[in-house]
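Reviewing the structure listed below.
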Amino acid sequence: MTSPEQAGSGGSGTEPVVPWCQAFFAEDYLTVFGPFVDGERAQSEAAAVQGLLGLGPGARVLDLACGQGRHSSPLRAAGLDVVGLDLSAVLLRTAAERDPDVRLLRADMRFLPLADACVDGVVNLFNAFGYFSSDEQDLDVLREVVRVLRPGARFVQEVHHRDALVRDWEPRTVHPTYADGLVVTEERRWDGVAGRHGVTYLLQQGSDGVPRRLDHELRVYSLTELVALHDRAGLEVLSVRGALETSSPSPDTPLCVVVSRRRPGPRPLSSASSCALVPSG
Ligand SMILES: C[S@@+](CC[C@H](N)C(=O)[O-])C[C@H]1O[C@@H](n2cnc3c(N)ncnc32)[C@H](O)[C@@H]1O
């Protein structure tokens with residue numbers, strides 16, 4: 001794995017890494033989300049992703065914002081040549097412990113340390129998009145995806161389904177179901193003009209003490225906006241789904257999945273300094 005110093009830190013006048021992300025994607029993230037998203041769910045999602053990518057053993061796949069490697073590992077076990085990339089040192093360490101055979105890179109998703117057209121597929125799962133303060137920077141991420149994809153290769157992205165999020169939105173939810181008496185409260189904010197969703201997670205252990213606070217903020221794109229953003233980046237949208245394993249999106253599908261491919265044609269100009277794939281270790 002690359003050292004923290006090798007993480008992308010800007011280079012084209014873009015703002016540095018988003019501060020809340022660094023605090024959020026660490027041990028408490030694993031506590032709050034791990035019990036719900038890991039294990040069998042991740043296994044079956046990885047199988048569905050492989051089908052959507054249309055790739056077999058030996059193909060190289062970038063798991064963009066791989067987190068704790070819950071998809072990287074089963075994809076590697078299925079024979080794919082997986083590279084997991086993330087910015088969180090804590091989550092990458094967990095991914096490395098889970099599967100020492102997955103190659104891991106620590107980098108900012110806006111500046112991928114990968115050569116042009118060097119991967120056969122990219123996946124970006126579980127709302128790992130919309131972190132920056134402008135749509136242009138989210139577009140930079142998609143442009144980097146296009147740059148590293150071989151022409152015609154596919155990209156699978158899974159994000160919040162905005163229609164469902166708005167329909168089911170509540171200002172506050174309490175989750176009393178964790179082990180060891182942990183209670184997690186979500187306090188939500190929705191700005192429908194900016195399309196930004198903020199959540200403050202309060203983690204209360206027992207009845208005493210001040211709860212730990214974690215802040216999260218995301219640009220949530222409508223499907224219309226998302227498809228347009230893919231198009232601007234040079235991705236041809238092949239299908240829009242209601243989940244990795246479901247066909248069409250509906251207000252009952254809290255996530256949505258866009259399957260696209262890099263348009264054939266001339267390679268886009270490099271927007272980041274490319275280098276050969278960096279091995280883990
Ligand atoms: C909601 S998690 C999803 C992780 C994983 N894809 C999954 O399905 O479990 C979002 C991930 O994005 C990563 N992330 C946030 N900002 C990033 C950035 N600028 N560059 C790379 N990764 C980033 C976080 O560290 C975190 O692992």
Regarding PHE132, is this residue part of a loop (DSSP other than H, G, I, E, B), surrounded by fewer than 20 Cβ atoms within 10 Å (Cβ to Cβ), within 14 Å of the ligand (Cβ to nearest atom) and of a type in the set (Phe, Trp, Tyr)? no
Does segment 103-113 contain any residue that is within 8 Å of the ligand (Cβ to nearest atom), charged (D, E, K, R) and under 22 Å from VAL227 (Cα atoms)? yes
I'm trying to understand the selection: among the residues of segment 135-149, which are within 14 Å of the ligand (Cβ to nearest atom) and either surrounded by 24 or more Cβ atoms within 10 Å (Cβ to Cβ) or among the polar types (S, T, N, Q) (or both)? GLN137, VAL141, LEU142, GLU144, VAL145, VAL148
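No value in this document is a laboratory result; all are computed from the given coordinates. Just so you know, these numbers come straight off a predicted model, no measurement behind them. Don't worry about glycine lacking a Cβ; one is built from the backbone with ideal geometry, like all the others, and counts go over all protein chains shown.
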